[in-house]
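Step one of this worksheet: look at the structure below.
Just so it is clear, none of the values below were taken in a lab; they were calculated from the coordinates. Being a predicted model, the structure only gives us computed values, none of them experimental. When we count neighbours, we look across all protein chains shown, and the Cβ atoms used for this are built from the backbone with ideal geometry, even at glycine.
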Amino acid sequence: MSELLRDFAAAVARDPDRVALVDGKGREVTFRALDARRDGFARAWHRKGIRAGDRVLIAMAVDADLYAALAALWTLGATVVLPEPAMGLAGLRHAARVTRPRAFCTSGAYGLLGWVLPELWRLVSLRPQTGRAPLPDLPGPEGTDHALISFTSGTTGAPKAIPRSHDFLAAQHAAIAPLLDSAAPERDLVAFPVFVLINIASGRTSVLPDWKMSRFDRLAPARLGDWMRRNRVTRALLPPALCETLAQAGPEAPLHTVFTGGGPVFPALIDTLRAARPELRVICVYGSTEAEPIAHLDASAITDADRAAMDAGAGLLVGPVVDGLQLRIRDDEIQVAGAHVNGGYLDPAHDAENKLHDSGAIWHRTGDAGRVGADGRLWLLGRMGTDVRIAGRRCYPFSVEVAARHWPGVRNCALMGHDGAACLVVEGDERARPVWEDRAAALGIPRILPVAHIPMDKRHRSKIDRAALRRRVNLPE
C-alpha cells in the first residue's frame, strides 16, 4: 500500500473526529468523513471499471472531494493526472493529449468540459458519488507505481509531464514533514496542494483557500484576514505574492508562522511581514517542480552580515540544504539528486535537457544559478541564461535585484541585458528616479527603465516573466 494512504489510515484511526479540512465555504470535514468519502468514491469508480494502472485526468475544485478523489484513485491503484492550472483549458487539453487517460474525473461545472473538448469525448466520466458495492481485496499500488502525473509551469516551452511514484511522494513527505512538525495542534492555511497531502498524512488540519487559486492576485487583504480569523488559522503556507497581501490583512488571527516559497523570498518582503506582525516567524522554502524542497531558511537566522552580503551583491540566501538531498554546483548551475528528486519525465526525450546520469545518481538541472557558502548554506543568483555584463564582469540578476528592492520607492525590479550592457527595469514611484540612477551608476549599470508594472508568472505571481517583460518594454533578446 502507498505510504501516504497508510499514514492517512493511521491518522483516521488515531483521531477520527479531528478536522482534516476546512473547505472554501467554511465547512469542516473530519478525518472520519474524509475517509468515508474516499471509500465511497473507490467503490463507485471500481464499479465503473477503474483498475490499477489506469490514468485518470482530474478537473475539480480545490476542496475536500478533490483529496478524497486522490485517495480513492490511489486505493484502486490508478494514476492521477493533474493539469497545469495556470494554463486553464489549454493545460487540460495538453494533459489529455500527452498522458492519454482512460477516465476524466470532475466536479461541479467542470463536468461540462467532457462534452466540449474533443480530447475528452471517449473518456470514462467519474463524478463524486458514493458506491455501496463491496470492494474486492486490493493489494494497493507498489512503491514504484505512478501515483500522479503533474506538469511543469511551461514558462520556457510546452509543460513537461512529470510522473511521481508512490515512493517519490513518501520521500517528499519525509523531506517536508520535519519542516511542518509541531508539538501543538495547528490549523494551517494552505495554498500549495502538495502540502495539504502532507498534512492529511500527518493528521494535521488544513484550511483551504476561499478564493480561486488562479486569481489570488485579486484577493483583498481584508478578505484574507477575515478568512484566517474565522478559521482560527495559526500557520499559513503561501506564495510570496500572497505574503504581501497578508502583510496588509490585519493581526486578528492567531497566526504565528508563515511558510513561503514558489518564488524568490526577498529580504524586503520579510521586512514588510515583520513590520506588520513583529512576532511572526517566517520560513522560506526553496525548491522546484521536480524537486521540492531543496533548502529552507528561518528568517530569524539571517544575520546582519548576511544582509550586508546580499546588499553587496552576494545573491539571495535560501539556507541549508534539506537532509537526504545531494546538491552540487556545475558551471554556476544548481544540480540536485535524491529520493524526492524527479528522476525523469513521462517523455524520455525531455530528459536530455534536464537530467544527468553521473556516479550512480540521476541529477536534476534546476536551471537556477547559485553558490554554496563556506558554512554550507545555499545562495541563489538567478536563472541560468539571465546573466549580463556589468563593468566587464558576469553578473546574475539577484546580485542587483536583492539590493535594489531596498531603494526608495522600488516595488519590483528586473536586471536585464540590452545592447551588450545592463539595464535595470524598475516598477515603483518615479519621483525616486534620481536616487535609482545614482545607485545604479555606482553599480556600473548605465540605464534605468521605469515601467508601470512588471509581469509575473501565472502560477504563483512570484517570479518575473522575463520574456513578457522584454516584449512589454521592447528590449530585444
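Laid out as a table, the results:
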item	result
Burial ordering of Asp181, Asp298, Asp188, Asp39, fewest other beta-carbon atoms within 10 Å first	Asp181, Asp298, Asp39, Asp188
Inter-site label distance for Glu279 and Ala441 at 7 Å from Cα along Cβ, in nm	4.8
Amide hydrogen neighbours beyond the local backbone of Arg281, cut-off 5 Å, H modeled	Thr257, Val258
C-alpha center-to-center spacing [the stretch 264-335, the stretch 385-458] in angstrom	21
Highest to lowest packing among 7-13, 48-54, scored as the average C-beta count within 10 Å	7-13, 48-54
Environment charge of Ala86, counting only residues whose C-beta is closer than 9 Å and scoring Lys/Arg +1, Asp/Glu -1	0
D (Stokes-Einstein, µm²/s), Kirkwood Cα radius, the chain, 1.306 mPa s at 10 °C	67
Residue list for the stretch 190-209, given a label point 7 angstrom along the Cα-to-Cβ vector of Arg6 and an amide N cut-off under 19 Å	197-204
Fraction of antiparallel bridges per DSSP, the stretch 209-383 only, in percent to nearest 5	75
Separation in nanometres of the label points that stand 7 Å from Cα toward Cβ, at Asp311 and Asp217	3.1
Inter-label distance, nm, simple model (7 Å from Cα along the C-beta direction), Ala158/Thr144	2.9
Surface/4 estimate of mean projected area, convex hull on alpha-carbon atoms of the stretch 29-164, nm²	8.3
Total charge dipole magnitude, the chain, about the Cα centre, Cβ charges on Lys, Arg, Asp, Glu only, Debye to nearest 20	1380
Reduced Cα scattering model of the stretch 222-285, Debye log10 I(q)/I(0), q = 0.14 Å⁻¹	-0.33
Order of Phe151, Phe216 - criterion: other Cβ atoms within 10 Å of each residue's Cβ, fewest first	Phe216, Phe151
Neighbour net charge for Arg187 - beta-carbon separation under 10 angstrom, K R +1, D E -1	+1
In degrees, nearest ten, helix 89-99 long axis to first principal axis of the chain (Cα)	60
Folded to 0 to 90 degrees: helix 166-180 orientation relative to the chain principal axis, Cα	60
Compactness of the stretch 209-383, expressed as Rg and Dmax over alpha-carbon positions, Å	17.9, 53
Cα convex hull of the stretch 388-473 - mean projected area over all directions, nm²	5.4
The chain: angle of helix 31-47 to the longest principal axis, Cα-based, in degrees nearest 10	60
Length-normalised contact order for the chain - Cα pairs under 8 Å, 6+ apart - percent	11
Dipole of the chain, positive direction: furthest Cα of Ile270, Ala103, Cys413, with charges on the beta-carbon	Ala103
In sequence order, calculated HN-Hα J values of the stretch 129-136 (Karplus, 6.51, -1.76, 1.60; Hz; x Gly/Pro)	8, 9, x, 10, 5, x, 7, x
Sorted by Cβ density within 10 Å, fewest first, the residues Asp15, Asp145	Asp15, Asp145
The stretch 388-473, relative contact order [Cα under 8 Å, separation at least 6], %	22
DSSP-defined beta bridges in the chain - what % are antiparallel, rounded to 5	60
Interchain or long-range residues, amide H under 5 Å from Cys413's placed H	Glu427
